[in-house]
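Derivation of every value follows stated rules applied to the coordinates shown; laboratory data play no part. Only a predicted model underlies this, so the values are computations on that prediction, with no experimental measurement involved. As a convention, Cβ positions derive from the backbone with ideal geometry for all residues, glycine included, and neighbour counts pool all protein chains shown.
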Amino acid sequence: MDIERSQWFSLQCDESVDASDTAQLALFVRMVFEDFSTKEEFLTLLPLKTSTRGIDIYNVVKGYVVDKKFPIRKLVSITSDGAPAMTGRHNGFIAHCKADPDFPKFLNYHYNQLHSSKGKATSELQIVPGGMRRGSRGSSPSYGHQVVKLR
């Protein structure tokens, strides 16, 4: 596998339920090589047999990484969809990875897919001027979030 040749890699995870009502975790890897070229590959679809809690996702991913002998020291980032099972501060998948001494320090990022009213993904977004979201009490802006609308 190319991951051995890579200088660094990141993992992308996305959990969903298939037609048979089984939770599945899609795992992708993005690799960066010495010449700064990149390559992205689908790695596997891992069934989540018990539940979709952060610890369950962590155990499945850790087992896969160990079984495939990934050079985990090269991990620089994990990306997910931002679901609480992935990003929960104490019990999320990312929290379990960061608490594991086998994992290096890494960045984590979550994304949200936006859809148009017709159900098609779109990348045409417009930032709304002055559209910072307010905090839950309406008193202070929630920094780091911008309001966008589909064109």
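Do any chymotrypsin sites (Phe, Trp or Tyr not before Pro) in region 1-83 lie in a DSSP loop with no more than 16 other beta carbon atoms within 10 Å, and if so, which?
Numbers: sites: Trp8, Phe9, Phe28, Phe33, Phe36, Phe42, Tyr58, Tyr64; in loops: Phe33, Phe36.
Passing both the DSSP loop test and the Cβ count: Phe33, Phe36.
Legend: residue pairs Lys62/Lys105; Lys39/Lys98; Lys69/Lys105; Lys49/Lys105; Lys39/Lys74, Cα-Cα distance threshold 21 Å; pairs beyond threshold, Lys39/Lys98; Lys49/Lys105. Gln7 sits among other residues whose Cβ lies under 10 Å from its own Cβ, and their net charge, with Lys and Arg +1 and Asp and Glu -1, is 0.
In summary, the aspartates and glutamates within cross-link reach of Lys68, defined as a Cα separation below 19 angstrom excluding same-chain residues under 8 places away, comprise Asp2, Glu4, Glu40, Glu41, Asp56, Asp100, Asp102.
Residues in region 56-66 carry Karplus couplings, in order, of 5, 5, 4, 4, 5, 5, 4, x, 5, 4, 5 Hz; the curve used is 6.51 cos²θ - 1.76 cosθ + 1.60 with θ = phi - 60°, and Gly or Pro positions show x. Using Cβ point charges alone (K and R +1, D and E -1), the dipole size of region 13-105 about the Cα centre works out to roughly 420 debye. Sites listed here are trypsin sites (Lys or Arg not before Pro) in region 14-51 whose DSSP assignment is loop and whose Cβ has at most 15 other Cβ atoms within 10 Å: Lys49.
The trypsin sites (Lys or Arg not before Pro) of region 54-105 that DSSP puts in a loop, and whose beta carbon has at most 10 other beta carbons within 10 Å, are Lys69, Arg89, Lys105. Cβ-to-Cβ counts within 10 Å put Met31, Met1 in ascending order as Met1, Met31, the fewest first.
Under 5 Å from the amide H of Leu43 lie the amide H atoms of Leu27, Phe28, Val29, each residue being 5 or more positions distant or on a separate chain, with H modelled from the backbone and absent for Pro and chain starts.
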